[in-house]
Amino acid sequence: MKKALLLFLTIITTITLQAQKRAMTVEDLWNMKRIGSFDLSPDGKTIAFEVTTYSMEANIGNKDIYLIDGDGKNLRVLKNSDSNEGEPKFSPNGKKIAFARGGNLWQCDLNGSNETQLTNLYSGASGLVWSNDGNKILFVSSVYPDCETQQCNEERDKAADENKVKAKIITELMYRSWNDWRGEKRSHLFLYDLTKNESVDLMFGSRSDCPPVDLGGYLDYTFSPDGKEIAFTINPDKVVATSTNNEVYTINLANVKSGSPASIKKISNSPGNDNQPIHSPNGSYIAFRSMARAGFEADKQRLVLYNKESGNLNIVTENLDKSIGQVVWSPDSKYIYYEAQNQIYNSIYRYDLATGEHLLFLNDGINTDLKISNDGQIIYFRRMR
């Protein structure tokens, strides 16, 4: 594979200053538009990205979606209503763009027309991931673990609102994460079949969260290339307030049934934090990150390869003095690109599966959110400066 070309999106817009430079003010920070998540079209010609604009007077932010050509030209608006519209994801055939709005998932044509609603759930939906054939999606939704239907979730909420007793009896940790009161609901992973218009709670009955409450995120679930399996991350421990034991599991989708817990298989074995599973394009491996020690949030993140045929785990960065960030595969499955803190930078590296070599691919800058084109020639990423 030829050396990939690197292109980046700056995380903030450039401020046009007068000829006389001056100190940055609070107003300048409020006026900056922040670039959030982005996605690359399958043909590599278009980038869809989320932009948040802030109002100091109203004390709010609003998310819109923009498009730009892969060469950085032809900037245009896709969605810019008063509602928050974000999380853009191109459909696998490149003809549609899915996005989040109003607590559910929508899709539209590449010019913003012909909107259709993908999900219409009382409990909401976010964090969409497409299967390669475009027939299925994964998303997360906050639900009561034992509720099989949306009506059940709605009735439980209504009963809680109408109950005059507002006191809570807390019998487990953690009951609060930062500024969020956890309550009885859990973030569950759902599978939605677009051909059948059916959604299934893959974690029905589980008290765990996907993504995990802590040390997890939007990269914690993914389809296999053939769409027959998913890999995902949860913390199975009862007391998650004192646990960093996130684990990686797989689910064979052929055995999934509505209203019953999916049969899961654990592939990680570390007592520490394992997360961010991603299948290789050839279907042979699952790469994920792993911490060695339990209860230590600042432990080094190692890159692990799970061989799907043999079941063997190979820690490929055990002797590398770097903590791994996001991981992406090259389309030919020969390389893994990853970002890692490197002195004052967050650099990009490349791991060669054949030779075991770790190449410093891009040194300077704070670089995150890697995307690689389907031909393997261009890597896009966000850069903060």
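The values are calculated or read from the model by the stated rules, or taken from the named source; none is laboratory data. Note that this is a predicted model, so its numbers are computed, not measured. Please note: Cβ atoms are built from the backbone with ideal geometry, for glycine as well, and neighbour counts cover all protein chains shown. Only protein heavy atoms, including side chains, enter the accessible area calculation; ligands, DNA and RNA are left aside. Shrake-Rupley method; radii C 1.70, N 1.55, O 1.52, S 1.80 Å.
Miscellaneous remarks
- Candidates per trypsin sites (Lys or Arg not before Pro) in the range 91-122, loop by DSSP, up to 15 other Cβ within 10 Å: 95
- Largest to smallest accessible area among 315, 324 [probe 1.4 Å]: 315, 324
- Its Cα gyration tensor gives the range 21-119 an equivalent ellipsoid, and the semi-axes of that ellipsoid, as √(5λ) in whole Å with the largest first, are 27, 17, 9.
- Unmatched cysteines, the chain - criterion: no other Cβ of a Cys under 4.7 angstrom: 108, 210
- Three semi-axes of the equivalent ellipsoid, the range 234-299, Cα gyration tensor, whole Å, largest first: 24, 18, 7
- Global form of the chain, assessed from the alpha-carbon gyration tensor, a/c cut-off 1.5: rounded
- Mean-position separation - Cα centroids, the range 118-171 and the range 177-224, in angstrom: 9
- Loop-located chymotrypsin sites (Phe, Trp or Tyr not before Pro) in the range 172-211, at most 16 other Cβ atoms within 10 Å (DSSP): 175, 178
- Annotation: average projected area of the range 283-385 is 7.2 square nanometres, based on the convex hull of Cα atoms across all directions.
- Computed from point charges on the beta carbon alone (+1 for Lys and Arg, -1 for Asp and Glu), the dipole magnitude for the range 209-343 about its Cα centre is near 260 Debye.
- Order of exposure, largest accessible area first, which applies to 355, 25 with probe 1.4 Å: 355, 25
- Diffusion constant of the range 214-357 at 10 °C, which comes from Stokes-Einstein with the Kirkwood Cα-pair radius and 1.306 mPa s, µm²/s: 101
- Dipole moment magnitude, nearest 20 debye, the range 292-385 about Cα centre, only Lys, Arg, Asp, Glu C-beta charged: 220
- Dipole in debye (nearest 20) - the range 20-155, about Cα centre, beta carbon charges: Lys, Arg +1; Asp, Glu -1: 640
- Extent along principal axes [Cα atoms of the range 304-362; Å; largest to smallest]: 39, 23, 19
- Summed over the residues of the chain and divided among them, the accessible surface reaches 52 Å² per residue at a probe radius of 1.4 Å.
- Under the combined filter of DSSP loop state and at most 13 neighbouring Cβ atoms within 10 Å, the range 209-307 retains these chymotrypsin sites (Phe, Trp or Tyr not before Pro): 296.
- Listed peptides 195-203, 345-353 by packing density, highest first (mean Cβ within 10 Å): 345-353, 195-203
- Pairs with C-alpha atoms separated by more than 28 Å, drawn from the list 136/166; 79/334; 96/300; 33/371; 228/322; 45/79, are 136/166; 79/334; 96/300; 228/322.
- In Å², nearest 10: area of residue 300 left accessible to a 1.4 Å probe: 60
- Normalised by 2.2 N^0.38 Å, where N counts its residues, the alpha-carbon radius of gyration of the range 101-155 equals 1.29.
- Of the solvent-accessible surface of the chain, computed with a 1.4 Å probe and all protein chains present, 49% belongs to carbon and sulfur.
- Largest to smallest in accessible area, the residues 297, 339 fall in the order 297, 339 (1.4 Å probe, all protein chains included).
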